[in-house]
Amino acid sequence: DKTCSPADLAARRIDVRPFLATLRPKKQRIAESLATGESTQGVAKRFGLTPGRVSQIRRELFEAWSSFHELPAIELKAA
């Protein structure tokens, strides 16, 4: 996110590994794939899932990240 401050970016980089460690291995790999910019379709094909399931997992990851930081899970804006 280009609106992120350098301090926020550094904090996120520090927190990513501990956050990923809270996930099961398959969900870790899915999270890493999504974080690198792989498309929903690409992730679905790679992991043998439907695009709808990948979207659900994306939301689960958002909620888990929010909980990890004890932030309220706000509504995602439609992209």
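The values are calculated or read from the model by the stated rules, or taken from the named source; none is laboratory data. This one's a predicted model, so the numbers in the text were calculated from it and none came from an experiment. With ideal geometry, Cβ positions are generated from the backbone for all residues, glycine too; neighbour counts draw on all protein chains shown. These area figures cover heavy atoms from the full protein model, side chains too; ligands, DNA and RNA do not enter into them. Shrake-Rupley method; radii C 1.70, N 1.55, O 1.52, S 1.80 Å.
Table for the structure above
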| quantity | calculated |
| --- | --- |
| Overall Cα dimensions of the chain, principal axis frame, Å, largest first | 37, 28, 21 |
| Solvent-accessible area per residue for the chain (1.4 angstrom probe, square angstrom) | 77 Å² |
| Net length gained if the chain between residue 68 and residue 3 were fully extended (0.36 nm per residue, minus Cα distance) | 21.3 nm |
| Apportionment of accessible area to carbon and sulfur, the chain, percent (1.4 Å) | 56 percent |
| Projected label distance in nm at residue 15 and residue 47, using a 7 Å step from Cα toward the beta-carbon | 2.1 nm |
